[in-house]
1. Rounded to whole Hz and in sequence order, give me ³J(HN,Hα) for the stretch 295-303 from the Karplus expression 6.51 cos²θ - 1.76 cosθ + 1.60, θ = phi - 60°, writing x for Gly and Pro.
2. Would you mind ranking K53, K324, K297 so that the residue whose beta carbon has the fewest other beta carbons within 10 Å leads the list?
3. Report relative contact order for the chain in percent, whole number only (criteria: Cα-Cα under 8 Å, sequence separation at least 6).
4. Counting other C-beta atoms within 10 Å, which of D77, D201, D278 has the fewest, and how do the rest follow?
5. Pop out the Kirkwood hydrodynamic radius of the stretch 263-304 from its pairwise C-alpha distances, inverse of mean 1/r, in Å to one decimal.
6. Using a Debye calculation, one point per C-alpha and no hydration shell, please list log10 I(q)/I(0) for the stretch 285-381 at q = 0.11, 0.13, 0.17 Å⁻¹ in order.
7. If you bin the C-alpha pair distances of the stretch 387-446 every 5 Å from 0, what whole percents do you get?
8. Given the stretch 345-442, what count of lysine pairs have C-alpha atoms under 18 Å apart, with each pair 8 or more places apart or on different chains?
Amino acid sequence: MLNEFFPELEIVDVNRRDETYQFICHGKKSCAPCPQCNTVSHRIHSRYIRTLKDERVFGMDVQLRIQARRFFCDEPDCPSSIFTERFPALCRPHSRRTFRLERGLLRLLRGMSAIGLERILNNISDSTLLRMLKRSERHRIMPDPRVIGIDDWAWRKRKKYGTIICDLETRRPIALLPSRDVNTVCAWIRSHPTIQVVARDGSVEFREAIRLADETIQQVSDRWHLFHNLGKKIEDILKQRLPSGEKILLEPDGLNIERELTDAERRKWTLILAVQQDAKQGVPISELVRRHQIDPKTCRRYLKMTEPPRIGRSHRRHSADVYKQDIVRWIRQGRTTVWMHRTLKRKGYARGISTFRPYVARLKKAVPHEININRRIIQKVLWEDEPSNKPLLLKILDIHPFLKELNELIRSFKELFEAATSQQDILRWCGQAERMNETKLSSFATYIRGDLDAIRLGMTLHWSNGMVEGQVNRLKTIKRQMYGRAGLELLRIKILNLT
């Protein structure tokens, strides 16, 4: 079993000293090639003990004590007359740690700084760990990228920015640039002629850099940024046109919305309709029973039904029913669910808020009550097309009629992403936004017209900048760990090589 971990060594003995396992071993081969001229030599000059550290086993340190041999080099023109046998699968020349241990240390460096790891290990310095990082950078081989995502990151917010580039096919960062100016990004893209698609946000610098580097590259505008930018414009409009907060009276008639059928109810209703359809064609009950495999009494009941069935448990007494009158009175007064729960806890109510909240929500559907809303709630209701928000949406649109056109604009913008979208569809939406005579929406429509091809590809292709945004978030964490102690080179190594 040990030979699988150390294929170049023959284990002679295993000792335990304090908290360390010592493996006594030597090389398996009787000869060795010269590292200078590659001539194989069998003549042994001398032997010495070489000590290597390996990964811990069962909480114990592992130490390899190798009886290494020195050989004579028989090549007259070789600059080395004596050389030491090497173990290329085990460690580097002159190293005191195996490759396995170095890989384990590099994995630990993914989530913490070198100084923090030094404090934990106690037997290796932060300088040694940093040298290992820089050495691993030299051996990194990256494939030629075809589809990339690009985004900026802040050295110092609103002062200085850099650029991160990721391969969207391998989902790995491949470059970290010191700035986001057009010349820097353009030069990097030109040095990688295999690039065909670039996903980006709405940055003008990135758009121009990609165009200057290669006009045949497809630029894909990120979908999330499109929704985010439109949301910011709508938020600005609501700040100008709506008060910061207001109260709305919700009537029970506007809240009694029929819930959607469950899967079981939908299957049962489909069976009922099939039975009724066969009966209209003159099929007798005996044949209906056999064809649909149901009881005769059930068949007659199905023939009389005019509405979908409701499947559910019978009503059980709720733990808060004792306080129902108080809860209804508080709902009319506009009290919050948290306030009601805290008040009832002082009266002896023992259940948690997660049990109490659904009970209050059901009562609110039958009790007229006032709710406090602000611009954020209104924007959320306008964006989210949920049945539970429909009564509140109708009430808001009734109070503020100008929001009807804004709600229709949001709905049509979402539809652009749900179907095969052409440039004419996008331009038609831009015209709809400009006809609202809102400066914010007109500027957003102008931005879309200026980046029309990239936005259309963003609506139709599946590439996005989501993975790049995640790498930016990771970069921020690592940058803050290193703040004041390191620069771009070490940051690049930790971002690119420890992914």
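Where a number appears in this text, it was derived from the coordinates with a stated rule and is not lab data. What you see is a predicted model; the values in this text were computed from it and never measured. Cβ: placed from backbone, ideal geometry, glycine included. Neighbour counts: every protein chain shown.
1. Result, ordered by residue: 6, x, 5, 5, 4, 5, 5, 4, 5 Hz.
2. Details: K53 20, K324 12, K297 9.
By the 10 Å Cβ count, ascending, the order reads K297, K324, K53.
3. 14 percent
4. Details: D77 8, D201 20, D278 16.
Sorted ascending by nearby Cβ count, the order is D77, D278, D201.
5. 10.2 Å
6. Result of the Debye calculation: -0.57, -0.65, -0.82.
7. Calculated over all Cα pairs of the stretch 387-446, the distribution is 4, 17, 23, 21, 16, 13, 6, 0 percent.
8. Qualifying lysine pairs in the stretch 345-442: 13.
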